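> Submitted below is the structure of interest, expressed as structure tokens.
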Amino acid sequence: MFYGVNEAEKNIVFIFMKDMFFGMPEEGVRKNEFYTEKNAQESVEKEGGTIWFRSGQRNYRLTREFGAETDDCQLFCEDTGKMLDGENETLEKLLGGISETIFDNAVLTEALSGNSPAEMAREIQNKLSILSKSGDGLLDLGRSEQMLKMWRKGYLSQKERGQKAVLREKEKLATELENLENELNGLRGQKGQVAQAQARMYSAEGKEEAAVIEEQLQAIEKKNLGMVIAGALAIIVGIVGIVGSFQLTDEMSKLGMDVCILAAIATVIYTLTARRKLRMEFVKQKKKKAYLQSRQEKLKSSQEDIDGTYEEKLTAFTNLQSEYQEYENETSLPTSEELETQALNLAMDTIGELSRNIYLQKGRKIRIRASRILRELTNGKFMEFYGDEGQRIELSMEDGTVGVEELERGEIEVLYFSIRMAASELLADEKILPVVLDDVFHGKRKESLMAISRWMKKQPRQIILLTKNENVKSIFSGKQ
Amino acid sequence: MRFIHLADVHLGAVPDRGCPWSEKRENEIWETFRRVIAGIRENPVDLLFIAGDLFHRQPLPYELNEVNNLFSSIPNTSVYLMAGDSDYLKGDSFYREFSWAPNVTFFQEEKITCVKDTKSDVYVYGMSYEHPKIEAPVYDSVRLAGREGVHILLAHGGDGSHCPVNVAALAETGFDYIALGHLHTPQSLIRDVAAYSGTLEPVCSNDFGEHGYIEGRIENGKVRTRFVPFSMRTYNQLLINVNEGSTQLSVEDTLKDEIFRRGGLNIYRVILQGKRKPELFLIPEKLKSFGNITEVLDETRPAYDLESLQKRYAGTLIGDYIRFFQEKNRNTVEDKALYYGLQALLETRRSS
């Protein structure tokens, strides 16, 4: 028991033990590296001393000095008189292979910091939960999870932004495809119209129209020929009439010739008029024919143009479809944000799984072991307690249960003490390590403290008690 | 006699679709091709070989017209052109019916044919792809049409699905020069005899390094070649080393300096490597604003001594966590998970 030591002196007891067994802490090593780099030898952190300890029925003396780039470690077995190699592995074996963190959690028990029973109850709940699930009372699994989720959220936001950009680009491509498709549909429509017009043109009706025009042209030509012949004949008759009227002497014959001349003149006038009409009709029919032909040519040319444009647009459409597909394939590959998110999910899942394993293997036994110690210390008043997974701790008594926050401060200290003793045994895999109790008791409940004192004296382990409390001092020194 | 060998121009490609420089890149691919032709106008060569994939996809009539106009502006240069696997001769390809300028020879069939150059004693062999893949090693068994003159083969391929190329077999064919296309990185297979010119402008983010064309001279029946870097931009992979003294600001400064040194027009993929101090949280996304950066990969790890941590925390959750991952043959995700979880557990652990 160390009585009356101040805070700094209390810390040294445990820190000294830990550093002697496990080496200079990282912070000190880093400081020394910094000082060495800056050639500031005078600032180098130095630690050292001698500790005597007993392990496996033998007594040892460990002397150690730390400084910049030094760790002078001398391990001497007092029973055999032999100097051991002092390397950490030997020391490790003597310590039963426990790690520095287990040593932290199994050896040192600090006082609860809460002022009220409610605060102390919450503190015990947290400590019990964390010890049961991780074996390390300084971890904060809740905050770890929050940190991982926060990182994940960042990557998911990034991924979302990236996906939006990809979507925008795909929409652009889709719009271009749609436009091209509309143009192709338009062209198909035009092709259809042209085809229909051509079909009409080359249908029976169309052909008939062309044939009719052709027939009419031929008929006009025939008629024209007829008129030409008639006109020629009329001219001949006219000439004969004129010649005859001069040659013939009798009046009847002269009259006849006159009639012939008149008939000839009438016929010529008629044929000329008729031919003029026929010419006009011929020109009209020719125009009709030319119009039909030009329509056919126009349709053919339209068809070729439309086909050409259609083929070009179709190729452009196919090209753009390939472009879209390629872009889709590229953007469907896992992004760096997805990899990061997968890694974060894996980290969270693994922490959860390992934490569960620790609880199943050791953690839940802490509650059972602590309940036994509590039962012993309270003489059966509290038989068992529940709530080692972060929920409210309840203690079962003969006539019911009571929440931990309803207990008196002294009783809470007993519960806390039971939990830490159980943890000390189980975390160290039943190896017997000393425990350092740092101002754990506030000396209010004498019976509890005496029960604890009696319990401690039965323990095989060394107990180092640090206190400023007069009551605690008297009880544990046996003066009460 | 001088020639230029280029390939894989990929006119019509839109590299890095979605990035701010993408549209410019599409134009730059055309522009660089025009610059090559302009260069030939100013400093004429006798032969221009284009070993496939002039176009990125099926060429459209206006594109063929544009290219043909360019070829017709260099009437004293004989142009030899073939279709590759990207712009292969589909049944309805506009290549098939297109009328090229008199100085252009386009290899129309998927069968190696030989054409004697009208102005010189050069025999050019080539064929076009009529299918997107040709798995037979068609170039291994090509034989020269005769012993006289200079024999040049235009070839497109070199991987399992596109005319696989056997270097030894190529060497035995006896060609004076083999102008290869398909692989985007310029490389020499047989010095001054067989080479890939690579893409004229890089078309995808994996086309690192210099790009351009190959310029050759034929003197006394011997060919001498040199690579001419000609692209407007290059793709680069930047490795930025991070150490325990680095901060976000120092990493940004290093990146800015590197980009300035290598050229702000170029396009970069940034990889951060090294061991950083654990409390430093880099923001890779912020680095993208310092240049044309397609991607920032954070491969840094917190500078944890895993062995020492495992020893220190053995028997607790942290020790179990490290051991769980150390026992695996970790892939990228598992490696990241190890450090993420470890950092979260250590950063939130209260000090003793």
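The values are calculated or read from the model by the stated rules, or taken from the named source; none is laboratory data. Keep in mind the model is a prediction, meaning the values are calculated, not measured. Cβ: placed from backbone, ideal geometry, glycine included. Neighbour counts: every protein chain shown. Note: areas computed on protein heavy atoms with side chains; ligands, DNA, RNA excluded. Shrake-Rupley method; radii C 1.70, N 1.55, O 1.52, S 1.80 Å.
> So B:Phe175 ticks every box in (1) assigned by TED's automatic domain parsing to the domain that holds B:Phe55; (2) assigned to a strand (DSSP E or B); (3) of a type in the set (A, V, I, L, M, F, W, C) but one. Which box is left unticked?
With respect to (1) assigned by TED's automatic domain parsing to the domain that holds B:Phe55; (2) assigned to a strand (DSSP E or B); (3) of a type in the set (A, V, I, L, M, F, W, C), B:Phe175 is out only on (2).
> Taking the condition surrounded by fewer than 19 Cβ atoms within 10 Å (Cβ to Cβ), not in a helix (DSSP H, G or I) and not assigned by TED's automatic domain parsing to the domain that holds B:Leu297, does B:Arg323 pass?
So B:Arg323 does not fit the description; no.
> Another one. Please work out which residue is least open to solvent (accessible area, probe 1.4 Å), limiting yourself to segment A:93-119 and to residues that are within 20 Å of A:Thr467 (Cβ to Cβ) and within 12 Å of chain B (Cβ to nearest Cβ).
A:Val107
> Does B:Thr247 qualify as being modelled with pLDDT under 95, open to solvent by less than 20 Å² (accessible area, probe 1.4 Å) and either in contact with a strand residue (DSSP E or B) (Cβ under 7 Å, 6 or more places away or on another chain) or of a type outside the set (Gly, Ala, Ser) (or both)?
Judged against the criteria, B:Thr247 is not a match.
> Ok, one more. Those residues that are at pLDDT 85 or above and surrounded by 13 or more Cβ atoms within 10 Å (Cβ to Cβ), I need them from segment A:1-13; list them, please.
A:Phe2, A:Tyr3 - these are the residues of segment A:1-13 that are at pLDDT 85 or above and surrounded by 13 or more Cβ atoms within 10 Å (Cβ to Cβ).
> Among the residues of segment B:1-24, count how many are more than 14 Å from chain A (Cβ to nearest Cβ) and either open to solvent by 30 Å² or more (accessible area, probe 1.4 Å) or assigned to a helix (DSSP H, G or I) (or both).
The total comes to 3.
> If we scan segment A:427-445, do we find a residue that is assigned to a helix (DSSP H, G or I) and surrounded by fewer than 23 Cβ atoms within 10 Å (Cβ to Cβ)?
Within segment A:427-445 (the criterion being assigned to a helix (DSSP H, G or I) and surrounded by fewer than 23 Cβ atoms within 10 Å (Cβ to Cβ)), the answer is no, since none of the residues qualifies.
> Let me ask you something else. Looking at segment A:333-368 only, could you name the residues that are surrounded by fewer than 20 Cβ atoms within 10 Å (Cβ to Cβ), among the hydrophobic types (A, V, I, L, M, F, W, C) and more than 10 Å from chain B (Cβ to nearest Cβ)?
Of everything in segment A:333-368, those that are surrounded by fewer than 20 Cβ atoms within 10 Å (Cβ to Cβ), among the hydrophobic types (A, V, I, L, M, F, W, C) and more than 10 Å from chain B (Cβ to nearest Cβ) turn out to be A:Leu333, A:Leu360, A:Ile368.
> So, one more: Look through B:Ala314, B:Ala344 and report the one residue that is open to solvent by 20 Å² or more (accessible area, probe 1.4 Å), of a type in the set (A, V, I, L, M) and on the phi < 0 side of the Ramachandran plot.
Exactly one of B:Ala314, B:Ala344 is open to solvent by 20 Å² or more (accessible area, probe 1.4 Å), of a type in the set (A, V, I, L, M) and on the phi < 0 side of the Ramachandran plot, namely B:Ala314.
> Identify the single condition in (1) open to solvent by 80 Å² or more (accessible area, probe 1.4 Å); (2) touching a Phe, Trp or Tyr at 6+ places or on another chain (Cβ under 7 Å); (3) at the interface with chain A (Cβ under 10 Å from one of its Cβ atoms) that B:Phe281 does not satisfy, given that it satisfies every other one.
(2)
> Sort through B:Glu26, B:Glu31 and tell me the only one that's assigned by TED's automatic domain parsing to the domain that holds B:Asp117 and either farther than 27 Å from B:Gly158 by Cα or among the β-branched types (Val, Ile, Thr) (or both). So that I can check it myself, show each step before the final result.
Values: B:Glu26 fails: either farther than 27 Å from B:Gly158 by Cα or among the β-branched types (Val, Ile, Thr) (or both).
It is B:Glu31.
> I've got another one for you. Could you tell me whether any residue of segment A:438-457 is over 54 Å from the mean Cα position of the chain (by Cα), touching a residue at least 40 places away in the same chain (Cβ under 8 Å), at positive phi and away from every other protein chain (no Cβ under 14 Å)?
Taking segment A:438-457 as the starting set, the residues that turn out to be over 54 Å from the mean Cα position of the chain (by Cα) are A:443-457.
Filter once more, so that each one left must be touching a residue at least 40 places away in the same chain (Cβ under 8 Å): A:448, A:451-452, A:455.
Subsequent filtering for residues that are at positive phi retains none.
Checking segment A:438-457: not a single residue is over 54 Å from the mean Cα position of the chain (by Cα), touching a residue at least 40 places away in the same chain (Cβ under 8 Å), at positive phi and away from every other protein chain (no Cβ under 14 Å).
> How many of the residues in segment A:78-89 are surrounded by 14 or more Cβ atoms within 10 Å (Cβ to Cβ) and in a helix (DSSP H, G or I)?
Looking only at that region, the number is 1.
> Restricting the search to segment A:178-195, which residues are within 18 Å of A:Ser322 (Cα to Cα) and surrounded by 16 or more Cβ atoms within 10 Å (Cβ to Cβ)?
A:Leu180, A:Leu184
> With the condition kept exactly as written, say whether any residue in segment B:260-273 is in contact (Cβ under 8 Å) with a residue 60 or more places away in the chain and open to solvent by less than 60 Å² (accessible area, probe 1.4 Å).
yes
> Looking at segment A:202-217, which of the residues that are open to solvent by 100 Å² or more (accessible area, probe 1.4 Å) and in a helix (DSSP H, G or I) is modelled with the lowest pLDDT?
The qualifying residue modelled with the lowest pLDDT is A:Glu205.
> Go through the residues of segment A:143-165 one by one and say whether even a single one is among the acidic types (Asp, Glu), out of contact with any helix residue (DSSP H, G or I) (no Cβ under 7 Å at 6 or more places or on another chain) and open to solvent by less than 40 Å² (accessible area, probe 1.4 Å).
No, segment A:143-165 has no match at all.
> Moving on. Taking B:Glu299 and the conditions (1) of a type in the set (Asp, Glu); (2) over 21 Å from B:Glu201 (Cα atoms); (3) in contact with a helix residue (DSSP H, G or I) (Cβ under 8 Å, 6 or more places away or on another chain), which numbered condition does it fall short on, given that it satisfies the others?
B:Glu299 satisfies all of (1) of a type in the set (Asp, Glu); (2) over 21 Å from B:Glu201 (Cα atoms); (3) in contact with a helix residue (DSSP H, G or I) (Cβ under 8 Å, 6 or more places away or on another chain) except (3).
> Take B:Pro59 and tell me if it is within 25 Å of the chain's Cα centre (by Cα), buried (at least 22 other Cβ atoms within 10 Å of the Cβ), without any contact (Cβ under 8 Å) to a residue 60 or more places away in the chain and in the same structural domain as B:Gln187 (by TED's automatic domain parsing). Reasoning before the result, please.
Numbers: within 25 Å of the chain's Cα centre (by Cα): yes; buried (at least 22 other Cβ atoms within 10 Å of the Cβ): yes; without any contact (Cβ under 8 Å) to a residue 60 or more places away in the chain: yes; in the same structural domain as B:Gln187 (by TED's automatic domain parsing): yes.
It is true that B:Pro59 is within 25 Å of the chain's Cα centre (by Cα), buried (at least 22 other Cβ atoms within 10 Å of the Cβ), without any contact (Cβ under 8 Å) to a residue 60 or more places away in the chain and in the same structural domain as B:Gln187 (by TED's automatic domain parsing).
> Kindly indicate whether any position in segment A:390-398 is among the aliphatic types (A, V, I, L, M), in a loop (DSSP other than H, G, I, E, B), open to solvent by less than 50 Å² (accessible area, probe 1.4 Å) and closer than 23 Å to A:Ala106 by Cα. First the steps, then the outcome.
Residues of segment A:390-398 that are among the aliphatic types (A, V, I, L, M), as a first pass: A:393, A:395, A:397.
Imposing the further condition that a residue be in a loop (DSSP other than H, G, I, E, B) reduces the set to A:393.
Pick out the ones that are also open to solvent by less than 50 Å² (accessible area, probe 1.4 Å) and you get A:393.
Still in the list and also closer than 23 Å to A:Ala106 by Cα: A:393.
Yes, some residue in segment A:390-398 is among the aliphatic types (A, V, I, L, M), in a loop (DSSP other than H, G, I, E, B), open to solvent by less than 50 Å² (accessible area, probe 1.4 Å) and closer than 23 Å to A:Ala106 by Cα.
> Now a separate question. Name the single residue that is modelled with the highest pLDDT among those in segment B:316-352 being out of contact with any helix residue (DSSP H, G or I) (no Cβ under 7 Å at 6 or more places or on another chain) and within 7 Å of chain A (Cβ to nearest Cβ).
My answer is B:Arg349.
> Out of (1) within 23 Å of B:Glu28 (Cβ to Cβ); (2) of a type in the set (S, T, N, Q); (3) modelled with pLDDT under 95, the odd one out for B:Ser197 is which?
All conditions are met except number (3).
> Separate question: Scan the helices (runs of 4 or more DSSP H) fully inside segment B:237-312 and keep the ones with 2 or more residues being aliphatic (A, V, I, L, M) and within 21 Å of B:Arg349 (Cα to Cα).
Answer list for segment B:237-312: B:306-312.
> Quick one: which residue in A:Lys153, A:Lys133, A:Lys159 is more than 9 Å from chain B (Cβ to nearest Cβ), in contact (Cβ under 8 Å) with a residue 12 or more places away in the chain and in a helix (DSSP H, G or I)? Reasoning before the result, please.
Working: A:Lys153 fails: in contact (Cβ under 8 Å) with a residue 12 or more places away in the chain; A:Lys133 fails: more than 9 Å from chain B (Cβ to nearest Cβ).
Of the residues listed, the single one that is more than 9 Å from chain B (Cβ to nearest Cβ), in contact (Cβ under 8 Å) with a residue 12 or more places away in the chain and in a helix (DSSP H, G or I) is A:Lys159.
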